Amino acid sequence: MDVSISAKHMDLTEALKNYVEQRFTRVKKYTDFNLNADIFLGVEKHRNHIHATIKGNGFYLNSEAEDPANMYKAIDLCVDKLEKQLRRGKY
């Protein structure tokens, strides 16, 4: 799984990068295709926001989440949404 991470209006630390990569590898277990993940992290008006796009073999999945208190919680919510989409779609 190829993961590209970018940040807007915040510092992207190594701990945050490692956490994102660790959480998004869980998505890989639902499909055999090679997946590309584009992840955009940002802070807007004191809200932690994440937008993720997963590209596979003929399908695209999008997920957004935000949490006012914690970026890690927003990442967890986003990954949970993507896992639910993959389970339902059976790619």
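Nothing in this text is a laboratory measurement; each read-out follows from the coordinates by a stated rule. What you are looking at is a predicted structure, and each value in this text was computed from that prediction instead of being measured. Note that each Cβ is placed from the backbone with ideal geometry, even for glycine, and that neighbours are counted across all protein chains shown.
Listing for the model above:
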item	result
Residues that are surrounded by fewer than 20 Cβ atoms within 10 Å (Cβ to Cβ), β-branched (Val, Ile, Thr) and within 13 Å of the chain's Cα centre (by Cα), drawn from region 35-76	Thr53
Selection within region 13-50 - part of a strand (DSSP E or B) and in contact (Cβ under 8 Å) with a residue 24 or more places away in the chain	Asn36, Ala37, Asp38, Ile39, Phe40, Leu41, Gly42, Val43, Glu44, Asn48, His49, Ile50
Filter result (over 16 Å from Ser6 (Cβ atoms) and in contact (Cβ under 8 Å) with a residue 24 or more places away in the chain) within region 51-72	Gly56, Asn57, Phe59, Leu61, Tyr72
Subset of region 51-74 (residues that are touching a strand residue (DSSP E or B) at 6+ places or on another chain (Cβ under 6 Å) and in a helix (DSSP H, G or I))	Met71, Lys73, Ala74
Test result for Gln85, free of Cβ contacts under 8 Å to residues at least 40 places away in the same chain, crowded, with 16+ Cβ neighbours inside 10 Å and either of a type in the set (Lys, Arg) or part of a helix (DSSP H, G or I) (or both)	yes
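Residue by residue, here is whether (1) in contact with a His (Cβ under 8 Å, 6 or more places away or on another chain); (2) over 30 Å from Lys90 (Cβ atoms); (3) not basic (Lys, Arg) holds:
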| position | (1), (2), (3) |
| --- | --- |
| Met1 | no, no, yes |
| His9 | no, yes, yes |
| Leu12 | no, yes, yes |
| Phe24 | no, no, yes |
| Phe33 | no, no, yes |
| Ala37 | no, no, yes |
| Phe40 | yes, no, yes |
| Glu44 | yes, yes, yes |
